[in-house]
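Structure, as structure tokens:
The values are calculated or read from the model by the stated rules, or taken from the named source; none is laboratory data. Every value quoted in this text rests on a predicted model; they were computed, and no experiment measured them. Glycine gets a Cβ as well: all are built from the backbone with ideal geometry, and neighbour counts include every protein chain shown.
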Amino acid sequence: MIIKAEQTYSRETPIRLRLVAAAIKHMKVPAAMDQLRFMRKKAAETMLKVFKQAVANAKHNANISIESLTIKEIIVGEGPHYKRIQPVSRGRAHAILKRTSHVRVVLESTEIAKPVKAEKAQAVKLEDETKTDIKTESKKEEKKAVKLPSAQTANIKAPKMRQQQRLVTTRKTGEK
């Protein structure tokens, strides 16, 4: 079974991430994660986060243990560059490229994926049903709340109508 995880637009250069990726390329996942924890590079933290995502995907989606996972491939690609300038003498500017990168980790499992337990799936369905019941009840309450202001606005309009009728009657009599 193949498990993937990806982090895009990481604010590190691809060259630095590729150095870290080369150091852990053909290891088992627990050994690679231990190696990343003790590396003194900022890129190792980013790579460790991607590995944690992949392990979480394996546990949650396919119910696979971490010991059976191996690294199939690590791909570090270039992302967009942030273009900045450095002012220099005589009113000129030098370009600065702040590079970003995309990291993709593909893990492979030796064991067969176990199906997610039916009890968990039923619990999720029950939670969804209760959420929809709550939503329908709240919609009914909103409709009731909408009806009340319309009745209040009718009461507010009545005094205005009376004021208009008074103006009409005063004009006929000639009073101001």
Complete set of residues in the stretch 37-55 that are within 12 Å of R11 (Cα to Cα) and hydrophobic (A, V, I, L, M, F, W, C): A43
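Kindly indicate whether any position in the stretch 2-12 is more than 13 Å from L107 (Cα to Cα), of a type in the set (G, A, S), assigned by TED's automatic domain parsing to the domain that holds L107 and in contact (Cβ under 8 Å) with a residue 12 or more places away in the chain.
Yes.
Determine which member of the set E78, E111, E73 is surrounded by 11 or more Cβ atoms within 10 Å (Cβ to Cβ), farther than 29 Å from L19 by Cα and charged (D, E, K, R). Step through it out loud before you land on a result.
Working: E78 fails: farther than 29 Å from L19 by Cα; E73 fails: farther than 29 Å from L19 by Cα.
Checking each option against the conditions leaves just E111.
I need the full set of residues from the stretch 1-35 which are out of contact with any Lys or Arg (no Cβ under 8 Å at 6 or more places or on another chain) and acidic (D, E), in order please.
At the first step, the residues of the stretch 1-35 found to be out of contact with any Lys or Arg (no Cβ under 8 Å at 6 or more places or on another chain) are 1, 3, 8-10, 15, 17-18, 21-32, 34-35.
Within the stretch 1-35, D34 is the sole residue that qualifies.
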Out of the stretch 63-87, which residues are of a type outside the set (S, T, Y) and in contact with a Ser or Thr (Cβ under 8 Å, 6 or more places away or on another chain)? I64, L69, V76, G77, E78, G79, P80, H81
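Just the residues that are of a type in the set (A, V, I, L, M), part of a strand (DSSP E or B) and over 14 Å from K4 (Cα atoms), please, taken from the stretch 60-113. If you could, list the steps in order and put the result at the bottom.
The first filter runs over the stretch 60-113 and keeps only residues of a type in the set (A, V, I, L, M), leaving 62, 64, 66, 69, 71, 74-76, 85, 88, 93, 95-97, 103, 105-107, 112-113.
Within this subset, residues satisfying the condition of being part of a strand (DSSP E or B) are 69, 71, 74-76, 85, 93, 95-97, 103, 105-107.
Across the stretch 60-113, the qualifying residues are I85, A93, A95, I96, L97.
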